1. Please count how many residues of segment 313-324 are open to solvent by less than 30 Å² (accessible area, probe 1.4 Å) and not acidic (Asp, Glu).
2. Out of segment 112-163, which residues are small (Gly, Ala, Ser) and more than 20 Å from residue 196 (Cβ to Cβ)?
3. Within segment 233-266, restricting attention to residues that are open to solvent by 30 Å² or more (accessible area, probe 1.4 Å) and assigned to a loop (DSSP other than H, G, I, E, B), which residue is nearest to residue 304 (Cα to Cα)?
4. Answer yes or no: is there a residue in segment 190-210 that is of a type in the set (Gly, Ala, Ser), over 25 Å from residue 287 (Cβ atoms) and without any contact (Cβ under 8 Å) to a residue 12 or more places away in the chain.
5. Go through segment 113-141 and report how many residues are at pLDDT 80 or above, crowded, with 18+ Cβ neighbours inside 10 Å and under 23 Å from residue 229 (Cβ atoms).
6. If you scan segment 282-299, which residues turn out to be touching a residue at least 24 places away in the same chain (Cβ under 8 Å) and open to solvent by 10 Å² or more (accessible area, probe 1.4 Å)?
7. Please verify whether segment 122-134 includes one or more residues that are outside any helix (DSSP H, G or I), without any contact (Cβ under 8 Å) to a residue 40 or more places away in the chain, polar (S, T, N, Q) and not assigned by the TED database to the domain that holds residue 274.
8. Does residue 305 qualify as being touching a Ser or Thr at 6+ places or on another chain (Cβ under 8 Å) and either surrounded by fewer than 16 Cβ atoms within 10 Å (Cβ to Cβ) or over 15 Å from residue 322 (Cα atoms) (or both)?
Amino acid sequence: MPSRESYVLRKEEKSLVHKAKAEGKEQGIVAAALGMKMSPQKPPATLWQPLKLFAYSQLTSLVRRATLKESERAPKYEKVHNFKVHTFRGPHWCEYCANFMWGLIAQGVKCADCGLNVHKQCSKMVPNDCKPDLKHVKKVYSCDLTTLVKAHNAKRPMVVDMCIREIESRGLKSEGLYRISGFSDLIEDVKLSFDRDGEKADISVNFYEDINVITGALKLYFRDLPIPVITYDAYPRFIEAAKVTDPDERLEALHEALKLLPPAHCETLRYLMAHLKRVTQNEKDNLMNSENLGIVFGPTLMRAPDLDAMTALNDIRYQRQVVELLIKNEDILF
């Protein structure tokens, strides 16, 4: 008859066997999930630990990716509010904190583009989610590009679309296009017409026979922008890209610089460059190649942000090169 000690010993052996089988089964499940094949023999202990670590790293990676996708769904704002100190008539409540605005004058600030009313201290916490309203956007020229586009619910400013359509319908073969200036009084008249009538402005040949008046009005629109088409923030990257000597690396640098532009700015630049490329395709008649257009549009589309006079002067040739490269490679870069 077996002793009590031998009975306990056999029980412990059975427990160890069951535990080993359970571990083997668990390893097989993990290996199958990871697409690995296991040999029929029990794997050595040295294999099991790295396998667990690999499985853990895969799960961690999945969690990270899920978190990243969640953050990508977060709203991305692209228009800051244009707050100005305002005196409200009658009682007013802050649209951010819902508290009363005390005082008789200058009780708070009002967004000139969308009409949002908030305390001055609350304006620092309001998200950059301005949705411009046409009843607050009173002009076309000298208006922020993104503000104008959002107010009109368009891809590009209507000035750019209307002027380019008019130029392409009757002016692509005009000698010195964009280089020859129109009469300044007539250009100012076109500007006032856009500010007053918006999309209803008439810039046809019946009103402005000289196509150089329309090209002058388009250039003036770009010069009057408070933030240039190539923004102050992106300006240094474009200048650095123009300085790159290797052609392929230069295009890559320009492509990366374009990513820094706000959507409305990038779309406007794309549309303009496609138009200027069509201008160069009529070079035999209009005598305007990409280099000439670069000279005209470099300082128009790019303005040096707070640089000293000498640095700004040195940048002029790089501004020309940037526009020239954008025209020549419009089909690749956009």
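The values are calculated or read from the model by the stated rules, or taken from the named source; none is laboratory data. Quantities reported herein were computed from a predicted structural model and do not represent experimental measurements. Cβ atoms come from the backbone with ideal geometry, glycine included; neighbour counts cover every protein chain shown. When the accessible area is computed, the model is the full protein with side chains, heavy atoms only, and any ligands, DNA or RNA have been set aside. Shrake-Rupley method; radii C 1.70, N 1.55, O 1.52, S 1.80 Å.
1. 3
2. Step one: filter segment 112-163 for residues small (Gly, Ala, Ser), giving 112, 115, 123, 142, 151, 154.
Scanning segment 112-163 gives 115, 123.
3. If we take residues in segment 233-266 being open to solvent by 30 Å² or more (accessible area, probe 1.4 Å) and assigned to a loop (DSSP other than H, G, I, E, B), then 233 is nearest to residue 304 (Cα to Cα).
4. Yes: one or more hits.
5. Residues flagged as at pLDDT 80 or above, crowded, with 18+ Cβ neighbours inside 10 Å and under 23 Å from residue 229 (Cβ atoms) within segment 113-141 amount to 2.
6. So in segment 282-299, the residues touching a residue at least 24 places away in the same chain (Cβ under 8 Å) come out as 282, 285-288, 290-298.
The answer is 282, 285, 287, 290, 291, 292, 295, 296.
7. Scanning segment 122-134, I find no residue that is outside any helix (DSSP H, G or I), without any contact (Cβ under 8 Å) to a residue 40 or more places away in the chain, polar (S, T, N, Q) and not assigned by the TED database to the domain that holds residue 274, so the answer is no.
8. It is false that residue 305 is touching a Ser or Thr at 6+ places or on another chain (Cβ under 8 Å) and either surrounded by fewer than 16 Cβ atoms within 10 Å (Cβ to Cβ) or over 15 Å from residue 322 (Cα atoms) (or both).
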